[in-house]
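The values are calculated or read from the model by the stated rules, or taken from the named source; none is laboratory data. Just so we're clear, the structure is a prediction, and the values are computed from it rather than from any experiment. Cβ atoms come from the backbone with ideal geometry, glycine included; neighbour counts cover every protein chain shown.
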2 protein chains.
Amino acid sequence: MARVQADVCVVGAGFAGLAAVRRLAGTGREVVVLEAGDRVGGRVWNRELPDGTVVSAGGTWLGKGQERMFRLCRELGLAVYPQDERGDHILRLDGVNHRYRGGVPKAGPGALAALGLAFARLNLMARQLPADAPWRARNARQWDSRTLGQWLADLLNVPSSTAYTLLHSTMNLLFCADPAEVSLLGALVLARGGGGFGYYTDTRKTESHLVDGGAPELARRMAEQLGDAVRLSSPVRQIVHDGGDVQILSDALAVRAQRVIVATPPVLAGRIRFDPPLPAVHSHLRQRVAPGAIIRVHATYPEPFWRRRHLSGQTLAPGSPVPGTIDQTPRSGLPGVLSSYAFAAGALRLGRLDPQQRKEIWLAALAERFGPQARRPTGYLETDWSAQPWSLGGMVGHFPPGVLTNYGSALREPLGRIHWAGTESATLMHGLMEGSVRSGERAVDEVLAVLSSSRRPTGARGWAR
Amino acid sequence: MARVQADVCVVGAGFAGLAAVRRLAGTGREVVVLEAGDRVGGRVWNRELPDGTVVSAGGTWLGKGQERMFRLCRELGLAVYPQDERGDHILRLDGVNHRYRGGVPKAGPGALAALGLAFARLNLMARQLPADAPWRARNARQWDSRTLGQWLADLLNVPSSTAYTLLHSTMNLLFCADPAEVSLLGALVLARGGGGFGYYTDTRKTESHLVDGGAPELARRMAEQLGDAVRLSSPVRQIVHDGGDVQILSDALAVRAQRVIVATPPVLAGRIRFDPPLPAVHSHLRQRVAPGAIIRVHATYPEPFWRRRHLSGQTLAPGSPVPGTIDQTPRSGLPGVLSSYAFAAGALRLGRLDPQQRKEIWLAALAERFGPQARRPTGYLETDWSAQPWSLGGMVGHFPPGVLTNYGSALREPLGRIHWAGTESATLMHGLMEGSVRSGERAVDEVLAVLSSSRRPTGARGWAR
């Protein structure tokens, strides 16, 4: 096996890993990135439909306050454009489509009040969390011993059944998991990272933008600039960290480095064999932060036909097998691209059907909201994130109960020569691409702080065992 | 890499895998067991102290109703002997040792009543679970959306703080995890498997027995009889199941088989790469069933000195770094062996200390209950189950909230040519060695039912790709 030596080895070429290397570039440090898959981007992925249309099938939207992502767009020459919010959204409840505009769905006033109050309560709780250590909040143990699902089901918190339906569906969407799986404290950590749940649920509040060419094109260009520092198809199996340096052993390449930044989703970091083994608080944390289930379908049409009927393409249909849709038509306006989603239990059920049956159910669900035209897409592309071996689920790993209070301290804590990045370790913009980038930069700052005192000459060096 | 062909390949040589092969022996089927580690037994493990004393460091005790385990002992020529229950147990509360006898600790009558009532309530709930499908219980969704920790903390369930302390500590011990991590429904599944929590908590009720030579000796003898069907140091990395058979690829050997029985803990099954990928309900289940943290220490003394002071060696000390101890002196009566435990958060904390510091704290905790003599063991052996790469924790994987109701159906469901065993998949004696054996036998019954219709000649065959 080929062996190289570097100052820093980064594991995983998602946004966290790429941002880490980008920050290291120019410091004179030699860096190698080992990516398990055959592409960069991780949970950010451009895919091509048979007709040549390229769609972003993972992280896609940028929003207010995501300075690093917008800066990357500028630096790498990619334009952004606002999500097309014109036309009515649809809320489909009990078999009826309700049109509405803006962030507030068409539900009875009682339901809306209950919905607003529930979100306000959750956001108020979220604000009580210390960003760096939510497990130290005054109520941390209590909130971490209950689930988001139970909180939502409590009539004292959500007295309206319509509000409950909307909240439950929204949380399914955010975590791609049954809210019964998610710690209340863990849910608040997500909210805290965006300054409230509204940041994640209301595209207007977020001022959602798309990247021309797709956010994954950003990752591709970042990697391009990094040249052969990025090694694809190099899944890391083992990290040996008992000596004066650290050895990172992948299927394709062995790296000896001063420091390693593990920038994979926690579930994948948890599968690397560390030698000596990690302290249990570290290994058990990474066993437990679980990604959800999400199937995303891109359906293309000759044009975004829904716009002619004054629809935005954005819909929410609790109880439907395809509870969410959003317009993802490229900037040019052609072809029409509708992005649609199944989450959690719905995704699990659909994932077991044969592809033809799944497609029929899927398109029937779209037709309920967009009419028979939706049944006849020119292109149809499924992305099941649970089937991606280097993601194992999507879109973000959530914290089950008891995890933050028992293991949270290991989220970012460097361990000897090992540092941790990834959006699940982000304090701000947790779970977003912006959070990934921030986490990668934070890890590099940790590394540089210790390396600067021991500067060594750089340059490609062979390494003989 | 060597390649062999077999009728059935079993992954994992713990009791589940060994029991599967044992049941297959004599059916004329050719079987190969691939074990990742360099020994059989899995979470059942005999270790040797420097003075030659052999101690069972994982699953150790048998009890009432564990027919299969007792039968194995008879068949393999190993005697059993009852746990020595003579003398007083100690309950250490708030710095004071309280001696008591039998299953009822020395606490105030109010605390005892509350304790009894809480267990009775939990057992009543457990009895409502259908053994084969606890996720179909009438209250399953409700119970699965809350944690055991929250249930215990509810004053309506446990009105006495002493009872709470005892219950919390006992549940820590049972799951080796913070009860806040465990689904209430998941906890009831364990209780259900033994006919009530008392089966797991009261050594008298269970009629606890030890195996002469240790339960791991049973596993060793089972493997010995199976000869070269058992391949050690063969971690399975990938299972390819898209054709007319299934290929099981380990580091040492590739097996082509009609059927595979995956008999590893769920956390390890979840790390095998399946090609094509498993349906998400299967992969996500195995990502989520999390083992706990447990450090077990065997301290040996020239004799079981506590017996002279009319102590049984069995103690419970909530809040102590070492909350549990039990006498594990061999049948001969010499040397004195005290088995002691740290669980969950306590184990995580101790696991981070340097060994010398940990040992001092550990022995100091023993001395609080057994006097200064406990500080001077002749032998001292630590087993940290979280550091074992082919267990990744101990002693049983628990179900976090939302897992059984969303993914439980995948626990035992065969998937094409793939079958599942392991104590976490057991309906009766869930979490115990007996459950492992039963699960392995159940998986074999599934396999034989389908194979019997397609009987083929057996005998060692090479396999050229």
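Just checking, how many residues over the range A:408-449 are touching a strand residue (DSSP E or B) at 6+ places or on another chain (Cβ under 6 Å), among the hydrophobic types (A, V, I, L, M, F, W, C) and assigned to a helix (DSSP H, G or I)?
Number satisfying all stated conditions: 2.
If you go through the range A:367-415, how many residues are aromatic (F, W, Y) and either within 20 Å of A:A263 (Cα to Cα) or in contact with a Pro (Cβ under 6 Å, 6 or more places away or on another chain) (or both)?
Quick first cut of the range A:367-415, residues aromatic (F, W, Y) only: A:370, A:380, A:385, A:390, A:399, A:407.
Checking which are either within 20 Å of A:A263 (Cα to Cα) or in contact with a Pro (Cβ under 6 Å, 6 or more places away or on another chain) (or both) leaves us with A:385, A:390, A:399, A:407.
Of the residues in the range A:367-415, 4 are aromatic (F, W, Y) and either within 20 Å of A:A263 (Cα to Cα) or in contact with a Pro (Cβ under 6 Å, 6 or more places away or on another chain) (or both).
Looking only at the range A:355-376, how many residues end up being surrounded by fewer than 19 Cβ atoms within 10 Å (Cβ to Cβ) and within 13 Å of another protein chain (Cβ to nearest Cβ)?
The first filter runs over the range A:355-376 and keeps only residues surrounded by fewer than 19 Cβ atoms within 10 Å (Cβ to Cβ), leaving A:355-357, A:359-361, A:364, A:367-368, A:371-373, A:375-376.
Applying the additional criterion that residues be within 13 Å of another protein chain (Cβ to nearest Cβ) yields A:355.
Total meeting the criteria: 1.
I need the full set of residues from the range B:169-190 which are away from chain A (no Cβ under 13 Å), buried (at least 24 other Cβ atoms within 10 Å of the Cβ) and under 15 Å from the mean Cα position of the chain (by Cα), in order please.
Taking the range B:169-190 as the starting set, the residues that turn out to be away from chain A (no Cβ under 13 Å) are B:169-170, B:173-174, B:188-190.
Those left that are additionally buried (at least 24 other Cβ atoms within 10 Å of the Cβ): B:188-190.
B:V189, B:L190 - these are the residues of the range B:169-190 that are away from chain A (no Cβ under 13 Å), buried (at least 24 other Cβ atoms within 10 Å of the Cβ) and under 15 Å from the mean Cα position of the chain (by Cα).
Residues being facing chain B (nearest Cβ under 7 Å) and more than 18 Å from B:A347 (Cβ to Cβ): count how many of those fall in the range A:393-410.
Total satisfying the criteria: 3.
For the structure I just gave you, tell me whether A:R23 is of a type outside the set (D, E) and surrounded by 22 or more Cβ atoms within 10 Å (Cβ to Cβ).
When the stated conditions are applied, A:R23 does not pass them.
Suppose the filter is touching a residue at least 12 places away in the same chain (Cβ under 8 Å), away from chain A (no Cβ under 14 Å) and crowded, with 22+ Cβ neighbours inside 10 Å; does B:P323 pass it?
On the way: touching a residue at least 12 places away in the same chain (Cβ under 8 Å): yes; away from chain A (no Cβ under 14 Å): yes; crowded, with 22+ Cβ neighbours inside 10 Å: yes.
Judged against the criteria, B:P323 is a match.
Sort through B:A365, B:A347 and tell me the only one that's part of a helix (DSSP H, G or I), among the hydrophobic types (A, V, I, L, M, F, W, C), in contact with a helix residue (DSSP H, G or I) (Cβ under 7 Å, 6 or more places away or on another chain) and modelled with pLDDT of 95 or more.
Values: B:A365 fails: in contact with a helix residue (DSSP H, G or I) (Cβ under 7 Å, 6 or more places away or on another chain).
Just a single option satisfies the conditions, and that option is B:A347.
If I go through the range A:350-366 residue by residue, how many of them are free of Cβ contacts under 8 Å to residues at least 40 places away in the same chain and under 24 Å from the mean Cα position of the chain (by Cα)?
1
Taking A:G379 as meeting all but one of (1) touching an Asp or Glu at 6+ places or on another chain (Cβ under 6 Å); (2) within 14 Å of chain B (Cβ to nearest Cβ), write down the number of the exception.
(2)
Test B:L166 against the stated conditions and say whether it is touching a Phe, Trp or Tyr at 6+ places or on another chain (Cβ under 9 Å) and crowded, with 21+ Cβ neighbours inside 10 Å. So that I can check it myself, show each step before the final result.
Details: touching a Phe, Trp or Tyr at 6+ places or on another chain (Cβ under 9 Å): no; crowded, with 21+ Cβ neighbours inside 10 Å: yes.
In short, no.
Count, please, the residues in the range A:49-71 that happen to be at pLDDT below 95 and buried (at least 24 other Cβ atoms within 10 Å of the Cβ).
The qualifying residues number 0.
Working only within the range A:8-39, note down all residues that are in contact with an Asp or Glu (Cβ under 6 Å, 6 or more places away or on another chain) and part of a loop (DSSP other than H, G, I, E, B).
Those that are in contact with an Asp or Glu (Cβ under 6 Å, 6 or more places away or on another chain) and part of a loop (DSSP other than H, G, I, E, B): A:A13, A:R29, A:E30.
Hey, does the range B:194-204 have a residue that's more than 22 Å from B:H89 (Cβ to Cβ) and not assigned by TED's automatic domain parsing to the domain that holds B:G17? Give the steps one after another, and end with the answer.
Of all residues in the range B:194-204, those more than 22 Å from B:H89 (Cβ to Cβ) come to B:195.
Narrowing further to those that are not assigned by TED's automatic domain parsing to the domain that holds B:G17: B:195.
Yes, there is a match, as at least one residue in the range B:194-204 is more than 22 Å from B:H89 (Cβ to Cβ) and not assigned by TED's automatic domain parsing to the domain that holds B:G17.
What helices (runs of 4 or more DSSP H), lying completely within the range B:144-213, carry at least 3 residues that are closer than 22 Å to A:R288 by Cβ? Let's see the steps before the verdict.
Details: elements: B:148-153, B:161-175, B:184-193, B:198-201, B:203-206.
The helices (runs of 4 or more DSSP H) meeting that bar are B:148-153, B:161-175, B:184-193.
Please go through the range A:40-95 and give me each residue that is aromatic (F, W, Y) and in a loop (DSSP other than H, G, I, E, B), ordered by number.
In the first step, residues of the range A:40-95 are kept if they are aromatic (F, W, Y); the result is A:45, A:61, A:70, A:81.
A:W45 - this is the single residue of the range A:40-95 that is aromatic (F, W, Y) and in a loop (DSSP other than H, G, I, E, B).
Tell me, which residue of the range B:290-299 that is buried (at least 24 other Cβ atoms within 10 Å of the Cβ) and more than 10 Å from every other protein chain (Cβ to nearest Cβ) is farthest from A:L268 (Cα to Cα)?
First, pick out the residues of the range B:290-299 that are buried (at least 24 other Cβ atoms within 10 Å of the Cβ): B:290-297, B:299.
Still in the list and also more than 10 Å from every other protein chain (Cβ to nearest Cβ): B:296-297, B:299.
Details: B:R296: 28, B:V297: 31, B:A299: 37 Å.
Going through the qualifying residues, I end up with B:A299.
Looking at B:T264, B:T315, which is the one that is part of a strand (DSSP E or B), polar (S, T, N, Q), surrounded by 16 or more Cβ atoms within 10 Å (Cβ to Cβ) and away from chain A (no Cβ under 12 Å)?
On the way: B:T264 fails: part of a strand (DSSP E or B).
After applying the criteria, what remains is B:T315.
For B:R237, which of the numbered conditions (1) within 14 Å of another protein chain (Cβ to nearest Cβ); (2) assigned to a strand (DSSP E or B); (3) more than 30 Å from B:P276 (Cβ to Cβ) fails to hold?
(3)
Name, by its number, the condition in (1) more than 20 Å from the chain's Cα centre (by Cα); (2) in the same structural domain as B:G17 (by TED's automatic domain parsing) that does not hold for B:E303.
(2)
Could you tell me which numbered condition B:T300 fails, if it satisfies all but one of (1) outside any loop (DSSP other than H, G, I, E, B); (2) without any contact (Cβ under 8 Å) to a residue 40 or more places away in the chain?
All conditions pass for B:T300, except number (2).
Identify, by number, the condition in (1) under 20 Å from A:S283 (Cβ atoms); (2) in contact with a Leu (Cβ under 7 Å, 6 or more places away or on another chain) that B:L316 doesn't meet.
Failing condition for B:L316: (1).
Please enumerate the residues belonging to the range A:268-281 that are touching a strand residue (DSSP E or B) at 6+ places or on another chain (Cβ under 6 Å), more than 8 Å from chain B (Cβ to nearest Cβ) and not in a loop (DSSP other than H, G, I, E, B). Outline the logic, then answer.
Filtering the range A:268-281 for residues touching a strand residue (DSSP E or B) at 6+ places or on another chain (Cβ under 6 Å) gives A:269, A:272-275.
Among the residues that remain, those that are also more than 8 Å from chain B (Cβ to nearest Cβ) are: A:269, A:272, A:274-275.
Of everything in the range A:268-281, those that are touching a strand residue (DSSP E or B) at 6+ places or on another chain (Cβ under 6 Å), more than 8 Å from chain B (Cβ to nearest Cβ) and not in a loop (DSSP other than H, G, I, E, B) turn out to be A:A269, A:F274, A:D275.
For the list (1) outside any loop (DSSP other than H, G, I, E, B); (2) under 30 Å from B:P304 (Cβ atoms); (3) free of Cβ contacts under 8 Å to residues at least 40 places away in the same chain, I need the number of the one condition that B:A120 fails.
Every listed condition holds for B:A120 apart from (2).
Only one of these conditions is not met by B:H284: (1) within 30 Å of B:H419 (Cβ to Cβ); (2) assigned to a helix (DSSP H, G or I); (3) over 26 Å from the mean Cα position of the chain (by Cα); (4) not basic (K, R). Which number is it?
With (1) within 30 Å of B:H419 (Cβ to Cβ); (2) assigned to a helix (DSSP H, G or I); (3) over 26 Å from the mean Cα position of the chain (by Cα); (4) not basic (K, R) applied to B:H284, the lone miss is (3).
Every residue in the range A:141-166 that is among the hydrophobic types (A, V, I, L, M, F, W, C), away from chain B (no Cβ under 14 Å) and under 21 Å from B:A140 (Cα atoms), please.
Taking the range A:141-166 and keeping what is among the hydrophobic types (A, V, I, L, M, F, W, C), we get A:143, A:148, A:151-153, A:155-156, A:158, A:163, A:166.
Subsequent filtering for residues that are away from chain B (no Cβ under 14 Å) retains A:156, A:163, A:166.
Selection gives nothing.
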